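Have a look at the structure below, then the notes.
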Amino acid sequence: MSDENNTPEEQPTDAAPEADAAAAGPEMPGAAVDPIEVLKAENAEFKDRALRTMAEMENLRRRTEKEIKDARQYAVSGFARDMLTVSDNLRRALDALPDEDRKNADAGIAALIEGVEMIERDLLNQLEKNGVRKLEPEGQKFDPNFHQAMFEVPNTEVPNNTVVQVVQAGYVIGERVLRPAMVGVSKGGPKEAPAPQAQETGDAGQTVDKSA
């Protein structure tokens, strides 16, 4: 046998490095970061934060203004409620005098009556200047938010739950009830017709005011 048959075939010397390179796969280039995009993202974040902060400050400003307004408007509620007692007493004093005696009163008594009436009017005017308004519920539908029913009066000429008599005047201050009106309501009359419903085809954004 010849030596050629006993000698293994020689492999190329650079075959192994090429195989290792193929096994390693293609080389991935490094991901480059665009500084402009980074600045844009940071700018958008700062802008969003600024807008949120401005919105929160605006809401805080509005709440503070409302609280200050309410404090100014309703700070006299307790005092005004006490003054209503004085007004009630003045009215009781005037109502206690019969009409006949008032007509036949001498000059001194007539002047006294007129003076008491002037004091009552001036007191109510001063209360009105401070946001206190007298309710005029007679003839209106009974509203439990503003009225306190004391009794029922049979009356077939007006709808049920109509205020037909005012026992004690009621007052409001701003949008709040300072004292509900004590009233008598009708009973036995026709039922009140239901309020017409708002049409679905109405103007967009139109709402019905259901506040008392």
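Over all other residues within a Cβ to Cβ distance under 11 Å of G174, the charged ones net out to +2, with Lys and Arg as +1 and Asp and Glu as -1.
Is the C-alpha gyration tensor of region 67-170 telling us rounded, prolate or oblate? Criteria: a/c under 1.5 is rounded; beyond that, a/b larger than b/c is prolate, otherwise oblate.
Details: a/c = 2.98, a/b = 1.11, b/c = 2.70.
Judged from the Cα gyration tensor, region 67-170 comes out oblate (a/c at least 1.5, b/c at or above a/b).
Once the Cα-Cα distance is subtracted from the 0.36 nm per residue extended length, the M150 to V177 segment shows a gain of 8.0 nm.
Say the cut-off is 30 Å between C-alpha atoms; which of K134/K191; K40/K66; K66/K134; K129/K191 go over it? Each step should come with its number before you reach the end.
On the way: K134/K191 28 Å; K40/K66 39 Å; K66/K134 24 Å; K129/K191 39 Å.
Checking Cα-Cα distances, K40/K66; K129/K191 exceed 30 Å.
Stretched out straight at 0.36 nm per residue, the stretch from E128 to V167 would grow longer than its current Cα-Cα span by 11.9 nm. Note that region 101-111 has calculated 3J(HN,Hα) couplings of 5, 5, 5, 9, 5, 6, 4, x, 5, 4, 5 Hz, one per residue in order, obtained from phi through the Karplus relation 6.51 cos²θ - 1.76 cosθ + 1.60 (θ = phi - 60°); glycine and proline are x.
First measure r as the distance between the Cβ atoms of R121 and L51, then evaluate 1/(1 + (r/R0)^6) with R0 = 45 Å and state the FRET efficiency to the nearest 0.05. Don't jump to the answer; show the numbers that get you there.
On the way: r = 55 Å, r/R0 = 1.22.
Calculated value: 0.25.
Note on V167: accessible area approximately 80 square angstrom, rounded to 10, probe 1.4 Å, nucleic acids and ligands left out. Per-residue extension of 0.36 nm, minus the Cα-Cα distance of Q140 and I36, leaves a gain of 30.4 nm for this segment.
Among 175-186, 127-138, how do they line up from the highest to the lowest mean number of other beta-carbon atoms within 10 Å?
Numbers: 175-186: 19.1, 127-138: 16.2.
Averaged packing, sorted descending, gives the order 175-186, 127-138.
Using the alpha carbon gyration tensor of region 96-139, what are the three equivalent-ellipsoid semi-axes (square root of 5 times each eigenvalue), largest first, in whole Å? Don't jump to the answer; show the numbers that get you there.
On the way: eigenvalues 151, 47, 5 Å².
Listed largest to smallest, the semi-axes of region 96-139 are 27, 15, 5 Å.
The values are calculated or read from the model by the stated rules, or taken from the named source; none is laboratory data. Keep in mind it's a predicted model, so treat the numbers as computed, not measured. Reconstructed Cβ throughout: ideal geometry from the backbone, glycine too, with neighbour counts over all protein chains shown. Areas reflect the complete protein model, heavy atoms only, side chains present, ligands, DNA and RNA absent. Shrake-Rupley method; radii C 1.70, N 1.55, O 1.52, S 1.80 Å.
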